[in-house]
1. In region 8-40, what count of residues is obtained for those that are within 21 Å of GLN53 (Cβ to Cβ) and of a type outside the set (A, V, I, L, M, F, W, C)?
2. Considering only residues that are among the small types (Gly, Ala, Ser) and assigned to a strand (DSSP E or B), look in region 1-39 and name the one that is modelled with the lowest pLDDT.
3. Considering only residues that are among the small types (Gly, Ala, Ser) and over 11 Å from ALA80 (Cα atoms), which ones fall in region 102-125?
4. Can you tell me which of (1) touching a Ser or Thr at 6+ places or on another chain (Cβ under 9 Å); (2) over 18 Å from TRP21 (Cα atoms); (3) loosely packed, with under 15 Cβ neighbours inside 10 Å is the one THR158 doesn't meet?
5. Run ILE162 past the list (1) over 16 Å from HIS76 (Cα atoms); (2) hydrophobic (A, V, I, L, M, F, W, C); (3) modelled with pLDDT of 95 or more and report the number of the one that doesn't hold.
Amino acid sequence: MFPAGRASGAPGDHLATRYSWQVPLTVDLGYKPIPQLYLGAYFGFSLGAEGNQAQVESWCVDDDNDLENDIACSSHTLRAGLAVQYHLAPGAHWNPWVGYGIGVEAASQSISDRPRGRSESTTSRGVTFAALSAGADLRHVLGFGPYGQVAIGRFNSTRTEINDVERFDGSIDDRALHYWLELGLRMVLRP
């Protein structure tokens, strides 16, 4: 999963400065009222590294060559929502499909400085307006195949904690659109 767009309208606040690429795991659960139409819900968790902001990147590098970072940096994203898919050839060996989803998301970045006993985390929460997806499933006992998705969203609020004490929790005044580009493989039970 790759970030693009802006986290907010503030100068220089690009999504990629906060979050690097992430590895997602998403679970969908739903049913097909007719063979071509899937209706369901999804829940996703993604784990990754810090963004490309130069100062944060320099903190997160092991610069004393002891093979252990003294400052741990990470990011993760949670997403949940509703999804619909239209399957073009539900009875065929290869089943191409297109999908749309809508939901909520929360993305966090954390820095933990163990030697100094300092930690900081910022979580931004918002809405995914459109998760546009497409793929093709090879069907057998299980279905599997490639897929791609572009999730378009906007953060509405943010919360910052330093040493587990809340420092800020409020709305984002200057909101902007961001995108997550996701490429991968999926597995389908009971295709």
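The values are calculated or read from the model by the stated rules, or taken from the named source; none is laboratory data. All figures in this text were calculated on a predicted structure; none of them were measured in a lab. With ideal geometry, Cβ positions are generated from the backbone for all residues, glycine too; neighbour counts draw on all protein chains shown.
1. The number of residues fulfilling the criteria is 11.
2. SER20
3. ALA107, SER108, SER110, SER112, GLY117, SER119, SER121, SER124
4. (3)
5. So the condition that ILE162 fails would be (3).
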